[in-house]
Amino acid sequence: MPTVFAIGAHPDDIEFLMSGTLFLLKQLGYGIHYMNVGNGSCGTNELSKKEIVRLRRSESMAAAEYLGATFHEGICDDLAIFYDQPTLAKLGSIIRDVDPDILLTHSPVDYMEDHTNVCRLAVTAAFARGMPNFPVDPPRDAISGTITVYHAQPYSHYDPLRRLVQPEMMVDVTSVINQKLEMLGFHHSQKKWLDESQGHDSYLNALRDFDARCGQLSGKFKFAEGWRRHLHLGFGRENDDPLRDALGDRVLLIGSQRIDHDSIT
């Protein structure tokens, strides 16, 4: 069966933004790979760096196991995720090893630079997958074949300039919303910290609200995840859309329709 690789910035980003789609693909027999580029080192007001990194790693591994995904280690500290050659070489090696058919990652614009940088790294690493003269770390042979890249919604559905980001595709995740909540629940360390640092009234309710707002945007689904497909050049054929092909009736294409800004306020 095909393989999908979800690449997020921090432990819990995949759970918030992508896990519903991943659960649906898992049900269809897809092989799932799970990676947070950052190690969660800044996700605490109380623990030492060593303690929080160890804790968030264990939480992420438990979440990946619950999903039935292959876990990949992080390669950067939080807020040290930069679009640079050493980081790109490490991620490029992992992508060549996984050889995914579908790559899910962050929006090209988001509320924090770690998310944006992970998007850029993932896209470039995938683009360079077949270039034997691009060195990766550790060394791996270049791979052939197509890959389709999809971008998740930015957190809050808005870009840093407060503009609504319109998804191209909505995926109905209503049937797996409870599994999303269970998966996020493995990240125990983050509930208190996010409540304090970013004003979430409830860690789990924040996820429900996020997907419910996307469902409102669809006008059809109770809970949804939004996606935009990356340009095919350098990755595959123009009409390749494996996410839509796989999920069928669970997908609503927005196309050129515009969404009213007030519809999710």
task: Mind listing whichever residues of the stretch 31-86 are among the hydroxyl-bearing types (Ser, Thr, Tyr), touching a residue at least 40 places away in the same chain (Cβ under 8 Å) and in contact with a strand residue (DSSP E or B) (Cβ under 7 Å, 6 or more places away or on another chain)?
output: Ser60
task: Select from the stretch 227-264 the residues that are in a helix (DSSP H, G or I) and buried (at least 16 other Cβ atoms within 10 Å of the Cβ) and write down the one among them that is modelled with the lowest pLDDT.
output: Ile264
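Go over the candidates Pro86, Pro160, Pro139, Pro135 one by one and state the one that is in a helix (DSSP H, G or I) and over 25 Å from Asp241 (Cβ atoms).
Details: Pro160 fails: in a helix (DSSP H, G or I); Pro139 fails: in a helix (DSSP H, G or I); Pro135 fails: in a helix (DSSP H, G or I).
Just one listed residue meets the conditions, Pro86.
Just wondering, is there one or more residues in the stretch 200-209 that are among the aliphatic types (A, V, I, L, M), open to solvent by less than 10 Å² (accessible area, probe 1.4 Å) and either closer than 25 Å to Ile95 by Cα or at pLDDT 95 or above (or both)?
Taking the stretch 200-209 as the starting set, the residues that turn out to be among the aliphatic types (A, V, I, L, M) are 204, 206-207.
Filter once more, so that each one left must be open to solvent by less than 10 Å² (accessible area, probe 1.4 Å): 207.
Within this subset, residues satisfying the condition of being either closer than 25 Å to Ile95 by Cα or at pLDDT 95 or above (or both) are none.
The answer is no, given that none of the residues of the stretch 200-209 is among the aliphatic types (A, V, I, L, M), open to solvent by less than 10 Å² (accessible area, probe 1.4 Å) and either closer than 25 Å to Ile95 by Cα or at pLDDT 95 or above (or both).
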task: Could you list all residues from the stretch 12-34 that are out of contact with any helix residue (DSSP H, G or I) (no Cβ under 8 Å at 6 or more places or on another chain) and within 22 Å of Leu204 (Cα to Cα)?
output: Met18
The lone exception for Ser41 - which of (1) of a type in the set (Ser, Thr, Tyr); (2) outside any loop (DSSP other than H, G, I, E, B); (3) open to solvent by less than 60 Å² (accessible area, probe 1.4 Å) it fails: (2)
statement: If we ask which residues in the stretch 43-61 are of a type outside the set (D, E, K, R), in contact with a helix residue (DSSP H, G or I) (Cβ under 9 Å, 6 or more places away or on another chain) and modelled with pLDDT of 95 or more, their number turns out to be 3
query: Restricted to the stretch 89-131, and to residues that are assigned to a loop (DSSP other than H, G, I, E, B) and aliphatic (A, V, I, L, M), which residue is nearest to Thr146 (Cα to Cα)?
result: Met131
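Let's see how each residue does on (1) open to solvent by 20 Å² or more (accessible area, probe 1.4 Å); (2) in contact with a helix residue (DSSP H, G or I) (Cβ under 6 Å, 6 or more places away or on another chain); (3) under 23 Å from Ile32 (Cα atoms):
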position	(1), (2), (3)
Ile95	no, yes, yes
Asp110	no, yes, no
His115	no, no, yes
Ile143	yes, yes, yes
- prompt: Name the residues in the stretch 18-35 that are open to solvent by less than 10 Å² (accessible area, probe 1.4 Å) and either closer than 14 Å to Gly74 by Cβ or among the aliphatic types (A, V, I, L, M) (or both), would you?
  reply: Met18, Leu22, Leu24, Leu25, Ile32, Tyr34, Met35
query: Which of the residues that make up the stretch 56-76 are in a loop (DSSP other than H, G, I, E, B) and exposed (fewer than 15 other Cβ atoms within 10 Å of the Cβ)?
result: Gly68, Glu73
query: Scanning for something modelled with pLDDT of 95 or more and farther than 19 Å from Glu225 by Cβ, does the stretch 13-21 turn up at least one residue?
result: no
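The values are calculated or read from the model by the stated rules, or taken from the named source; none is laboratory data. Quick caveat, the model's predicted, so the values are computed rather than measured. Neighbour counts are summed over all protein chains in view; Cβ atoms, including those assigned to glycine, are modelled from backbone coordinates with ideal geometry. Heads up: the accessible areas ignore ligands, DNA and RNA and are worked out on the full protein's heavy atoms, side chains in. Shrake-Rupley method; radii C 1.70, N 1.55, O 1.52, S 1.80 Å.
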